[in-house]
Amino acid sequence: MSAQSLKKTTATWIIVIMTLFITAIIFGILMRLNQGNDYKMSSPGFYATMTTHGLTMIAIWSVAGMVAINYLLTRYIKVPNSLSVFALVFTVIGAAMLWYATFVGQFHAGWTFLYPLPLVKIAWAKWATPLFFFSLVVLGVGWLVWSVGLLVQILKKYSLKQAFAWQHLSKKEPEVKTPPLILISTVSLIGIILSLIVAVILLALTFAEYYSGGAFVNDSLLMKNLIYFFGHTIANESLYLGLAALYELMPEVSSRPKFKTTWYVALAWNCTMVFILTAFFHHLYMDFVQPLGLQMVGQLASYFASLPAAGVTAFSVFVLVFRNHIKWSLTNVLFFIGIMGWLIGGVGALIDATISNNVALHNTLWVPAHFHTYNAMGNVLFCLAFFYWVANEFSGSQTKTKAQQLKTALLLIGGFGFVLMFYLAGADSVPRRFSNYPAEFKSAPLMATLGAVFATIYLIAILLIFIEILRKCVKAFSAS
Ligand code: HEM
């Protein structure tokens, strides 16, 4: 692939993702203001906004990690630019279809679409249900082709064992060394491909029921399992793509030796690959018809999937920065804060994934609290670090950012303040997905208003960073 076309496609992705991100943050702030009784949305309007916000965020931060590894993998393997262009076109068309279904058709069943609600209780334009599901088909096809394409390219250079870094598990120095970027990309791409294949099955079953005119009805428990296998897995694997970029870039921008694949790095990421696929069972703890054994698998897998990867990554980053003279640029600052957000959100997730706690926290605002922490203050920052670094590549110099401390302070205060309001409300049993809180939840509106204020501070930080990235991305189109 020509370096120039790779740069142009990457710059286009960044502009599309950041524009959608800023719009989706504004939707989030409006929802919090509505929950705080500071701004009035109709109930269907709130839920249509929530559906659009949730799915747009999941979509853009899944592809952001793909954009990062797509660019960085070219250091090790050949990557045809057509894969990324194909996914870009499908993502834009899929997002436009989704927004039309939610804002014009008022489809508002949430991003996990609460089967069988969209098929049996249609509280929006009739055409919006199939349009919503077809938008998922378009998004899924684009990403499936892209992720399979990237995996095939990896396997053209590395055998499957090498891509999983199994040769690093023995004591002997391996002949072929697997870079961490290859290992983590392989593990995450396999998870993403499996989650998308499950999405294909899920959508086929949904369409079969929808077009059967009542002759065919799915099993609700099976559908819920499929929805959460897809949703939980894709959201988590996307975060690992952001980590792949961190392993590749953080030592480089800190002027430290590259991270290597050691036996414990290889072991941790292989564990993650296996266990992440069964951790989704923790979404079904309150479904009492689910076999008890699967609930126990859900709790154990939640621990085994997250702790090894978090442990080795935190250890590697600690060794990188501890007592070393680091040149802090916005890139490694964002990676570093992202690790903090990922770990804090991860602890919040494990608290909720522990069955005895889930009895109290299930479907409270604790759930958005933990996933917003490892997304808004974790994966988003890993990907922003990549965007910032690559934009500097386009402009030809890794210059120091203007007002770096101000941007960092706004991001920290706004981001952690915003999620803290979700945690406090969750600990106080305030339910999630309520457009307006019942009078019994006395402190909930105030926490929502404060959440909106902090989210606005976060938005200002994101806007300042985006303006800088945008100015540099434009250069990717003009440079020869
Ligand atoms: C400052 C930025 C953000 C704000 C203000 C915001 C706000 C919100 C609000 C108010 C809700 C509804 C919570 C409820 O009452 O249940 C929500 C849900 C959600 N948000 Fe965010 N959010 C932000 C960033 C993100 C990011 C970065 C992601 C990335 C994945 C994300 C993904 C989601 C998802 C998946 C839902 C659930 C939607 C559903 O239940 O169908 N948000 N967000």
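Before moving on, here are some points about what is shown:
- Of the residues 328, 342, the single one that is hydrophobic (A, V, I, L, M, F, W, C) and outside any helix (DSSP H, G or I) is 328.
- Selection within the range 361-406: residues that are within 15 Å of the ligand (Cβ to nearest atom) and of a type in the set (Ser, Thr, Tyr). The member of this set that is farthest from residue 237 (Cα to Cα) is 364.
- Residue check for residue 382: crowded, with 20+ Cβ neighbours inside 10 Å, aromatic (Phe, Trp, Tyr) and at pLDDT below 95: no
- Scanning the range 436-457 for any residue that is surrounded by 15 or more Cβ atoms within 10 Å (Cβ to Cβ), of a type outside the set (Asp, Glu), touching a residue at least 24 places away in the same chain (Cβ under 8 Å) and not in a helix (DSSP H, G or I) turns up at least one such residue.
- Close pairs (7 angstrom Cβ cut-off, 6 or more residues apart or separate chains): at pLDDT 95 or above in the range 76-104, crowded, with 18+ Cβ neighbours inside 10 Å and not in a helix (DSSP H, G or I) anywhere: 76/179; 101/107; 102/108
- Residue count for the range 331-386, restricted to those that are under 22 Å from residue 408 (Cα atoms), of a type outside the set (A, V, I, L, M, F, W, C) and touching a Gly at 6+ places or on another chain (Cβ under 8 Å): 10.
- Scanning the range 359-370 for residues that are part of a helix (DSSP H, G or I) and either surrounded by 23 or more Cβ atoms within 10 Å (Cβ to Cβ) or in contact with a helix residue (DSSP H, G or I) (Cβ under 6 Å, 6 or more places away or on another chain) (or both) yields 361, 366, 368, 369, 370.
- Any helices (runs of 4 or more DSSP H) falling wholly within the range 102-216 and containing at least 1 residues that are under 27 Å from residue 82 (Cα atoms): 128-157, 160-163, 180-211
- Among the residues of the range 448-457, those that are closer than 19 Å to residue 426 by Cβ and within 11 Å of the ligand (Cβ to nearest atom) comprise 448, 451, 452, 453, 454, 455.
- Only one of 96, 165 that is out of contact with any strand residue (DSSP E or B) (no Cβ under 6 Å at 6 or more places or on another chain) and crowded, with 19+ Cβ neighbours inside 10 Å: 165
The values are calculated or read from the model by the stated rules, or taken from the named source; none is laboratory data. Keep in mind that what you see is a predicted model, and the values were worked out from it rather than measured. Note: ideal-geometry Cβ built from the backbone for every residue, glycine included; neighbour counts use all protein chains shown.
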